[in-house]
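Enquirer: Mind looking over this structure? Questions follow.
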Amino acid sequence: MSENKQENFFLTVDNIKVPIEGERNILEVIRKAKIEIPTLCYNSELSIHGGCRMCMVELEGRGLVASCSVPPVDGMVIRSNTKEVRGIRKTVLELVLANHHQNCYTCGKSTVCNLQQLAKDYGINNIRFKRREKESPIDVGLCITRDPDKCILCGQCIRMCSEIQSVGCIGFGFRSSDAEVLTAFNKNIDETECVGCGQCTQVCPTGALMNTSNIKDVWQYLNDPTKTVVVQIAPAVRTAIGEPFGFAPGEVTTDKMVTALKAMGFDYVFDTCFGADLTIMEEATEFVSRVKNGGTFPMVTSCCPGWVNFAESFYPDFEKNLSSCRSPQEMFSSVIKSYGPKMWGINRKDLKVISIMPCTAKKEEKDKDKFKIEGDPNTDFSITTQEFAQMIKECGIDFRNLADTPFDHPFGEKTGAGVIFGSSGGVAEAALRFIMDFDENPPAEHDFAFKAVRGMEGIKSAGIELNGQKFNIAVASGLANTRKLLNDVKAGKVSYDFIEIMACSGGCLNGGGQPTSKDRDYKLKRMAGIYKNDVDQKLHKSQQNPDIIKLYKDYLESPGSHEAHHKLHTHYEDKNLKKKYGVEK
Amino acid sequence: MSESVVDFDVIAKILQKHKNDPSKIIPILQDVQKEFRYLPKDALLYIATTLNIPPSKVYGVATFFSHFTLEPKGKNIIKICDGTACHVKKSGDIIKALKKRFLLKDKKVTSDDGFITVETVSCLGACGLAPVIVLNDEVHGDMTLDKVMKLMDDLEA
């Protein structure tokens, strides 16, 4: 249907006339009239499940219908809050709650739980049905914790994992009253092909899927006076950490974060944007050297651990395409653990590095043996933005009204190139800002933006010209988009020289460890916050970062040097699923 | 790697018969179950990784249909219909007696010695012959407790 054709189509909901503009169901049309239709299983980005029956409305001529599953038709007359509709919603909530754990006090999702909120909104003060007792074991994985007793079978996690991420490590198992959301053979999540992206925890309306918490581990180090505790904060955290404290999505609160961390007792507070700048130095140098020496193309970024896990499991043939660069977290932790002890006159074992990330997959990345030295991890613990917010609350810190504190030295300086790592397209743009300086006519200083790789699109592409040679660049976010792009590359349908991939759609700003948002435009707002923060920086190119220049001068010699390779690069494994599950012929 | 009890060549042949088509997952699982008398875990993982569908999805299909079993079945299989007509004609008594005879309980449907699997099914579509049982693919109608026990005696003889 063309948009023109629909121009004069309307439906009426609760006496409000609303235009139909290509929505896939009446639910989306009704929401435009600023009437909130409650849902537990509906998600505008996923396919329609129609399972929870919370979105029932009365449609004239047809009676009660699930508004998520009825396409809009001109002239429909809908009532969304009749006595009957309200009664059904209450009954649905009572039935769901009878099947639920109900231990809200001790649940990590309390106050941000969709089910709890609806129970409150609909005034459920009594559940007429007997609670069904279940005692399923809790599966604590490195990235994700599954508590099946809190699951309400809405299936959002399953659709997220298979439709948006094309991983599908969880699915419905069994049937009827025995139905459960399970991994294959109900294995622990860490024993499956789960990439750790944590997007399932973002859509879970209850506490059935959550970020695995390492808060206790961090406090243990902070409470130990013999330990020097260093923390690094990722770019995307600053654009979302304010949300649990009443800031709008995208309101950047960098300097308040530093104040809060100092108040908690961290000895040094550093910015992972520095690690991102370092990544660009190495990754862009690697690209330039592949061009010069004829390496494997397309070169694909490796800063996203969810994507690296996905590549190792599903695209092992891309091993040589992956950049050998470690992620900014691992580069920075390696630098801190390598040179920190000398700088501060302490033993390595007394130096603890914590990272605050928008990401759950970083928890698994930091646990890999290749990022440990004699068993001692370079990053001791990685916590998410959600956990960071929890710690701020535990300390009684009034985050909204905190004063500003700058980052510590010697790794305190950053550039806008490091900041935009938090958004899909940011790594590609930051690399371009480096590479284009090699052109015989480098762009003007104020001309640092490459807007073609920005935005929320799943697959973006751009072309550049460097010393007369053309290069094609692609950017993908979300692993289903990634799969599509890589399959096209393999089939020879498209050809690229450089590909940036982020596992979560929109990039790290929508990471699995970010606070869940009720704002339907939160991704765009956080993205705008990141690019605004880039403009606010003094410097915009990684190669201009004075602390980076000094780091190379003092320790790492030059980008791509032997020392840099030893400290900042890595290798990959073939973890194809037949091998993983031991079913090779 | 092949420490598995499953011969992957056998499964590969079944998959080829179905042209490695993921939409044929149900007939594929039926053929595999016919071959092994149950669905071994490694067989499901091999099928999933060969057809490029998530193992969780294959597991979901295998656990959804009661026809499929992930545990080895007994040498003999007896299905007792407990549809409405058979239920009214006291199929419940037959089920109870068989469970007692072979020391079975709710979810334990196969005897310890692997001699027999006792299954209840919803309706076999032969309500005129109620109560109906199927013993090793042979239908027996108008059953009584005595007739069933006689069949079991013969089976064990």
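The values are calculated or read from the model by the stated rules, or taken from the named source; none is laboratory data. In this text the structure is predicted, and so the values were computed from the model without any measurement. Neighbour counts run over all protein chains shown; Cβ positions are idealised from the backbone, glycine included. With ligands, DNA and RNA removed, areas are computed over all heavy atoms of the protein, side chains included. Shrake-Rupley method; radii C 1.70, N 1.55, O 1.52, S 1.80 Å.
Enquirer: What's the FRET efficiency of A:Arg132 with A:Lys90 using the Cβ-Cβ distance as r and R₀ = 22 Å, to the nearest 0.05?
Expert: Step by step, r from the Cβ atoms, then E = 0.75.
Enquirer: Right, next: Do me a favour and compute the ellipsoid semi-axes for the protein assembly as shown from its Cα gyration tensor, root of five times each eigenvalue, largest one first, whole Å.
Expert: Ellipsoid half-lengths, sorted descending, are 51, 32, 27 Å.
Enquirer: Find the Cα radius of gyration of the stretch A:327-394, compare it with 2.2 N^0.38 Å by division, and give the number to two decimals.
Expert: Working it through for the stretch A:327-394, the quotient is 1.15.
Enquirer: For the stretch A:75-204, compute Rh as the Kirkwood radius over C-alpha pairs and then the Stokes-Einstein diffusion coefficient at 25 °C and 0.890 mPa s; write the answer in µm²/s, rounded to an integer.
Expert: So the translational diffusion coefficient is about 149 µm²/s.
Enquirer: Roughly how tilted is helix B:41-51, in degrees to the nearest 10 and between 0 and 90, from the longest Cα axis of chain B?
Expert: Roughly 50 degrees between the two axes.
Enquirer: With the cut-off at 28 Å, tell me which of the pairs A:Lys292/A:Lys532; A:Lys90/A:Lys523; A:Lys90/A:Lys393; A:Lys342/A:Lys366; A:Lys150/B:Lys34 have Cα atoms farther apart than that.
Expert: A:Lys292/A:Lys532; A:Lys90/A:Lys523; A:Lys90/A:Lys393; A:Lys150/B:Lys34
Enquirer: Using bins 5 angstrom wide from zero, how does P(r) for the stretch A:134-263 break down, in % of all Cα pairs?
Expert: Calculated over all Cα pairs of the stretch A:134-263, the distribution is 2, 9, 15, 18, 15, 14, 12, 9, 5, 2, 0, 0 percent.
Enquirer: Moving on. Give the relative contact order (percent, whole number) for the stretch A:2-81; include only Cα pairs under 8 Å separated by 6+ residues.
Expert: Across the stretch A:2-81, relative contact order equals 35 percent.
Enquirer: Still on this structure, please answer the following. Counting only protein chains, not ligands or nucleic acids, how are B:Val109, A:Val237 ordered by accessible area (probe 1.4 Å), most first?
Expert: B:Val109, A:Val237
Enquirer: Under a point spin-label approximation (7 Å from Cα along Cα-to-Cβ), what is the B:Arg37-A:Tyr555 distance to one decimal in nm?
Expert: About 6.4 nm, to one decimal.
Enquirer: According to the square roots a ≥ b ≥ c of the eigenvalues of the Cα gyration tensor, what is the shape class of the stretch A:437-519, taking rounded for a/c under 1.5, prolate for a/b larger than b/c otherwise, and oblate for the remainder?
Expert: Since a/c reaches 1.5 but b/c is at least a/b, the shape of the stretch A:437-519 is classed as oblate.
Enquirer: Which number do you get for Rg(Cα) / (2.2 N^0.38 Å) in the stretch A:505-585?
Expert: 1.73
Enquirer: For the pair A:Glu465 and A:Ile346, how long in nm is the line joining their label points, each one 7 Å along Cα→Cβ?
Expert: Once both label points are built, they end up 5.4 nm from each other.
Enquirer: Suppose we flag GluC sites (Glu not before Pro) only when DSSP calls them loop and at most 15 other Cβ atoms lie within 10 Å. Which is the longest uninterrupted stretch of chain A?
Expert: A:136-318
Enquirer: If you take the square roots of the eigenvalues of the alpha-carbon gyration tensor of the stretch A:272-326 and sort them as a ≥ b ≥ c, do you get rounded (a/c under 1.5), prolate (a/b over b/c) or oblate?
Expert: oblate
Enquirer: So how long is each side of the stretch B:1-58 along the principal axes, counting just the alpha-carbon atoms, biggest first, in Å?
Expert: 29, 21, 17
Enquirer: Determine the sum of side-chain charges near B:Phe64: Lys and Arg each +1, Asp and Glu each -1, restricted to other residues whose C-beta is under 12 angstrom from that of B:Phe64.
Expert: For residues surrounding B:Phe64, the net value is 0.
Enquirer: Moving to a separate point now. First obtain the Kirkwood hydrodynamic radius of the stretch A:1-130 from its Cα pairs, then insert it into the Stokes-Einstein equation at 20 °C and 1.002 mPa s, and state the resulting D in µm² per second as a whole number.
Expert: My calculation gives 135 µm²/s for D.
Enquirer: Looking at the stretch A:454-529, send over the antiparallel percent of its DSSP beta bridges, to the nearest 5.
Expert: About 60 percent, rounded to the nearest 5.
Enquirer: Additional query: Could you work out how far the C-alpha centroid of the stretch A:219-295 sits from that of the stretch A:380-437, in angstrom?
Expert: 4 Å
Enquirer: In the stretch A:2-81, what percent of the accessible surface is made up of carbon and sulfur (1.4 Å probe, ligands and nucleic acids excluded)?
Expert: Exposed carbon and sulfur together represent 47 percent of the surface.
Enquirer: Between helix A:522-536 and chain A, what is the angle of the helix's C-alpha long axis to the longest principal axis, kept within 0 to 90° and rounded to the nearest 10?
Expert: The two axes meet at around 30 degrees.
Enquirer: Got the relative contact order for the stretch A:200-310 handy, in percent, Cα pairs under 8 Å and 6 or more residues apart?
Expert: Contact order relative to length: 21 percent.
Enquirer: Add +1 for every Lys or Arg and -1 for every Asp or Glu among the other residues with Cβ under 10 Å from the Cβ of A:Val419, and state the total.
Expert: Once positives and negatives cancel, what remains is -1.
Enquirer: Given an 8 Å cut-off on Cα distances and at least 6 residues of separation, report the relative contact order of chain A as a percent.
Expert: Relative CO of chain A lands at 15 percent.
Enquirer: Put +1 on the Cβ of each Lys and Arg and -1 on the Cβ of each Asp and Glu in the stretch A:216-568; which of A:Gln390, A:Phe498, A:Val353 then has its Cα farthest toward the positive end of the dipole?
Expert: Working it through, the farthest residue towards the positive pole turns out to be A:Gln390.
Enquirer: Which one of A:Val535, B:Pro40, A:Val475 has its Cα pushed farthest toward the positive end of the charge dipole of the protein assembly as shown, where Lys and Arg give +1 and Asp and Glu give -1 at the Cβ?
Expert: Towards the positive end, the residue furthest out is B:Pro40.
Enquirer: Okay, next question. State, to one decimal in nm², a quarter of the convex hull surface area for the C-alpha atoms of the stretch B:29-157, i.e. the direction-averaged projected area.
Expert: 8.4 nm²
Enquirer: Restricting to the stretch A:401-512, what percent of DSSP beta bridges are antiparallel, rounded to 5?
Expert: If I count the DSSP bridges inside the stretch A:401-512, around 60 percent turn out antiparallel.
Enquirer: Okay, moving on. For B:Lys99, go through the lysines and keep the ones whose alpha-carbon is under 24 Å away, minus same-chain ones fewer than eight residues off.
Expert: Once the sequence-local lysines are set aside, what remains near B:Lys99 is B:Lys73, B:Lys75, B:Lys79, B:Lys89, B:Lys90, B:Lys107, B:Lys108, B:Lys147, B:Lys150.
Enquirer: How big is the B/A interface in buried accessible area, both sides summed, 1.4 Å probe, to the nearest 100 Å²?
Expert: Accessible area lost upon association: around 2000 Å².
Enquirer: If one takes the longest principal axis of the Cα atoms in chain A, at what angle in degrees, from 0 to 90 and to the nearest 10, does the Cα axis of helix A:385-394 lie?
Expert: Helix A:385-394 sits roughly 80 degrees off the main axis of chain A.
Enquirer: Out of all DSSP beta bridges in chain A, what portion is antiparallel? Express it as a percent rounded to 5.
Expert: Beta bridges within chain A, antiparallel portion: roughly 55 percent.
Enquirer: Oh, and also: Under 17 Å Cα to Cα from A:Lys370, which lysines show up? Leave out anything in the same chain fewer than 8 places away.
Expert: Hits, sequence-local ones excluded: A:Lys337, A:Lys362, A:Lys567, A:Lys575.
Enquirer: Accessible area of the stretch A:216-568 with a 1.4 Å probe: how many percent of it is carbon plus sulfur?
Expert: Ligands and nucleic acids excluded, carbon and sulfur reach 50 percent.
Enquirer: For the stretch A:253-399, how big is Rg over Rh, using alpha carbon atoms and the Kirkwood form of Rh?
Expert: Rg/Rh for the stretch A:253-399 comes to 1.01.
Enquirer: With Cβ to Cβ distances under 11 Å as the rule, what net charge do the other residues near B:Lys89 carry (K, R +1; D, E -1)?
Expert: -2
Enquirer: Summarise the long-distance tail of P(r) for the stretch A:45-86 by giving the % of C-alpha pairs beyond 13 Å.
Expert: So the portion of pairs separated by more than 13 Å is 53 percent.
Enquirer: Here's another thing I want to ask about it. Can you compute log10 of I(q)/I(0) for the stretch A:216-568 with the Debye formula, treating each Cα as one identical point scatterer, at q = 0.08 Å⁻¹?
Expert: Rounded to two decimals, the profile gives -0.35.
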